[in-house]
Every structure is written in structure tokens, then in C-alpha cells.
Amino acid sequence: MNQDLPYWPEADDARGEQAAIGAASFILSLRAKGIRDTALLRAMELVPREVFAPRRFTDLARTDVALPLPCGQTMTGPATVAAMLLALGVQPGQRVLEVGTGSGYVTALLARLGAEVTSVERFNTLAAAAAQHLKIVEAGKVRLEVGDGLAARVRDRFDRILLNGARPELPEALMSLLGAGGRLVGALTVEGMPRLVKVERGIDGELTQSLGASLRISPLVTGIAATL
């Protein structure tokens with residue numbers, strides 16, 4: 001005769017406690033790597049990376065490792081994500097263009113920081129999965145598009161642009177979307193090594209570019225939207 005298994009509320013309490021400890025350790029590890037911005041750390045605490053990670057890697061979601069995604073793409077490690085978002089300096093209400101949605105994790109962080117996000121992903125499979133992930137975490141003002149974000153087909157101007165990957169050069173068409181006082185952050189491949197790059201447009205319209213530390217990040221490739 002089949003019988004219902006007993007319910008032990010202590011098990012739920014234990015899982016909740018373990019999750020809280022994991023989240024705390026995750027944030028402490030980021031602080032140890034120099035990430036001290038309170039709003040950014042709070043966003044990374046509240047947005048559950050495990051929702052966006054492939055199911056077989058959820059146990060690694062709160063560790064500083066990159067994770068494989070479908071379509072040959074990669075979910076960037078949290079410390080690299082934090083360094084890029086810190087350089088981006090998003091403020092609530094700013095309009096942000098994200099190139100390379102991937103799992104949607106960075107999109108959710110941008111939304112949690114108060115941005116109005118337009119995110120472009122060239123792989124249909126990733127875009128569809130990201131949409132589901134963002135729905136689960138109830139992300140804020142986010143618009144997802146499928147296409148080649150590097151082609152800069154959108155007509156809007158943005159306060160911030162984030163490239164989730166390394167490029168050998170920065171497309172002029174993409175930088176043209178920066179409004180006055182705007183900022184673009186990504187990675188530029190210099191002598192075979194991806195390095196943080198920041199481009200800012202002054203009030204006079206002039207662009208200035210600066211290079212930062214090396215990053216562990218995959219290439220961001222151009223091309224038409226894929227049906228994968």
C-alpha cells in the first residue's frame with residue numbers, strides 16, 4: 001500500500017539556511033576581490049545566479065566560475081561581471097543597451113540596478129531561455145530582441161552600452177548610439193588578452209577610450225541572428 005512520505009519542516013529550514021550561507025559566502029568572495037559598491041553587491045545578492053545557470057551546474061552558480069551555455073556560449077564568471085558593471089556605473093532610470101543576453105543573468109542585474117534595459121541576443125535558443133529566466137526573477141524594465149547587437153540596427157540613444165564579450169575592435173556604429181555623457185564598457189583583445197575597455201562620450205560629443213585590467217571573458221562574435 002502506498003503511503004505519503006512524512007514532511008519534515010526542518011529540511012526546508014536547513015535548505016534555506018544553506019542557501020543563505022552560500023549567498024553570504026558569494027558576496028564575501030566578491031568583496032575580497034575588490035568589489036565594494038553597495039548597490040552592485042546587493043543586486044548580486046538578490047539576483048539568484050542559479051536560476052540562470054544550466055541545471056547540471058546549479059551547484060556551481062554561487063562560485064566564481066564561468067559556466068557553459070547552449071550554442072557554444074559561456075556564462076561569464078561573477079567577478080568579471082561585477083568588474084564590468086562597476087565600470088559601467090549604471091544609475092537608476094538610465095537606458096542601457098546590452099549586447100549578448102546569454103542566460104539573462106547580467107540583464108537581470110542591470111534591471112535590479114534600476115536600468116531600462118534593451119538586450120540583444122543573436123541565438124534564438126538563448127533568447128527564449130533568458131526570457132523565461134527573467135520572468136522567474138520578475139526582472140524590471142527589460143526588452144529582449146533577437147539579432148546581431150553589434151550591427152547597431154536600433155535607432156535609440158543610450159546612456160550606457162554593455163558588451164558581454166571581447167572584441168578585436170569596437171564597432172563605430174555601436175558607439176554612435178552613445179548619448180552625450182554616455183559610457184560603453186566591454187572587453188578589447190590586446191595582444192591576445194581581453195582587457196576591460198571603457199569609452200565615454202563627453203558633453204561636447206568627443207569620445208575618449210581607456211583600458212583597464214585583463215578579464216576572463218569569451219569573444220563576442222558578429223553575425224546574423226541564428227535559429228539555434
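Just a few scattered comments:
- Using a Gaussian network model of the chain in which every pair of alpha carbons under 10 angstrom is joined by a spring, one finds that among I136, I35, I161 the greatest mean-square fluctuation is at I136.
- With θ taken as phi - 60° and the Karplus curve 6.51 cos²θ - 1.76 cosθ + 1.60 applied, the whole-hertz 3J(HN,Hα) list for the range 157-171 is 9, 10, 6, 9, 10, 10, 9, 8, x, 9, 10, x, 8, 9, x Hz, x standing for glycine and proline.
- Dipole of the range 118-184, positive end: most advanced residue of A131, V146, L170 [Cβ charges, Cα centre]: A131
- Under 21 Å from K33, Cα to Cα: lysines that are on another chain or at least 8 residues apart: K198
- Cβ charges +1 (Lys, Arg) and -1 (Asp, Glu), total dipole of the range 67-224, debye: 260
- Amide H contacts of V197 (H built 1.01 Å from N, under 5 Å, at least 5 apart or other chain): G186, A187, L188, G212
- Solvent exposure of the chain, expressed per residue, is 53 Å² of accessible area, with all protein chains present and a 1.4 angstrom probe.
- Choice from A129, A82, A115 with maximal GNM fluctuation in the chain (Cα, 10 Å cutoff): A129
- Derived scalar couplings ³J(HN,Hα) [the range 114-121; Karplus, 6.51 cos²θ - 1.76 cosθ + 1.60; whole Hz; x for Gly, Pro]: x, 7, 9, 9, 10, 10, 10, 10
- K33 - accessible surface, heavy atoms, 1.4 Å probe, Å² rounded to 10: 120
- Carbon plus sulfur fraction of accessible area for the chain, probe 1.4 Å, in percent: 53
- Derived scalar couplings ³J(HN,Hα) [the range 188-196; Karplus, 6.51 cos²θ - 1.76 cosθ + 1.60; whole Hz; x for Gly, Pro]: 10, 7, 10, 6, x, 10, x, 10, 4
- The chain has equivalent-ellipsoid semi-axes of 33, 20, 17 Å, by the square roots of 5 times the alpha carbon gyration tensor eigenvalues, sorted largest first.
The values are calculated or read from the model by the stated rules, or taken from the named source; none is laboratory data. Quick caveat: nothing in here was measured; it's all calculated off a predicted structure. A quick note on method: Cβ atoms are made from the backbone with ideal geometry, for glycine too, and the neighbour counts reach across all protein chains shown. Accessible surface areas use protein heavy atoms only, side chains included; no ligands, DNA or RNA. Shrake-Rupley method; radii C 1.70, N 1.55, O 1.52, S 1.80 Å.
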